[in-house]
Amino acid sequence: MILIPLGHFFWSRLALPTPGILFYVGAVTFILGIALDMVNIPAQTVMQQHAPEEERGRVFSFQSMLYNAGSIPVLLFAGVIADILGVEIVMYVLAAAILAFSWWAARYSHRPVVS
């Protein structure tokens, strides 16, 4: 995520042709999409394996509802926040939030499971 504003920063400092930044952003976004699929597909596979067969529909509908409930407020205010703070600052904040959540998830995943 942080590669997009950094790429724009370096692209403007090196005085490279402007249309090239579109290809750069497209390539980074494509790689981010692949990385997202590399997380979502195994996560959904594990959810399907661990959910009881008669409850799988409920598990996936709850996961979809929770995802939408979390993302809709962010999407509603992301444009306003980007207008106020600037797109690059918002991208840096999002990258920092993703890094912090990744650190938390890695730390949490190494704890022993108590049943």
Cβ contacts < 8 Å: first residue without any contact (Cβ under 8 Å) to a residue 24 or more places away in the chain, restricted to the range 86-108; second residue surrounded by 13 or more Cβ atoms within 10 Å (Cβ to Cβ), any location; separation 6+ or different chain. Result?
90/78; 90/81; 90/82
Going through the range 48-71 in order, the residues found to be surrounded by 11 or more Cβ atoms within 10 Å (Cβ to Cβ) and more than 30 Å from residue 91 (Cβ to Cβ) are 48, 51, 56, 58, 59, 60, 62
When you check residue 92 against the structure, is it surrounded by 12 or more Cβ atoms within 10 Å (Cβ to Cβ) and within 19 Å of the chain's Cα centre (by Cα), yes or no?
yes
Of residues in the range 20-37 being under 18 Å from residue 95 (Cα atoms) and among the aliphatic types (A, V, I, L, M), the one modelled with the lowest pLDDT
25
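Out of all the residues in the range 1-19, which are among the aliphatic types (A, V, I, L, M), farther than 21 Å from residue 89 by Cα and surrounded by fewer than 11 Cβ atoms within 10 Å (Cβ to Cβ)?
15
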With the requirement that a residue be among the β-branched types (Val, Ile, Thr) and either in contact (Cβ under 8 Å) with a residue 24 or more places away in the chain or closer than 30 Å to residue 7 by Cα (or both), what does the range 25-83 give you?
25, 28, 29, 31, 34, 39, 41, 72, 74, 80, 81
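The values are calculated or read from the model by the stated rules, or taken from the named source; none is laboratory data. Predicted model, so just to flag it, every value in this text is computed and none were measured. Here Cβ is always computed from backbone atoms with ideal geometry, including for glycine, and neighbour counts include all displayed protein chains.
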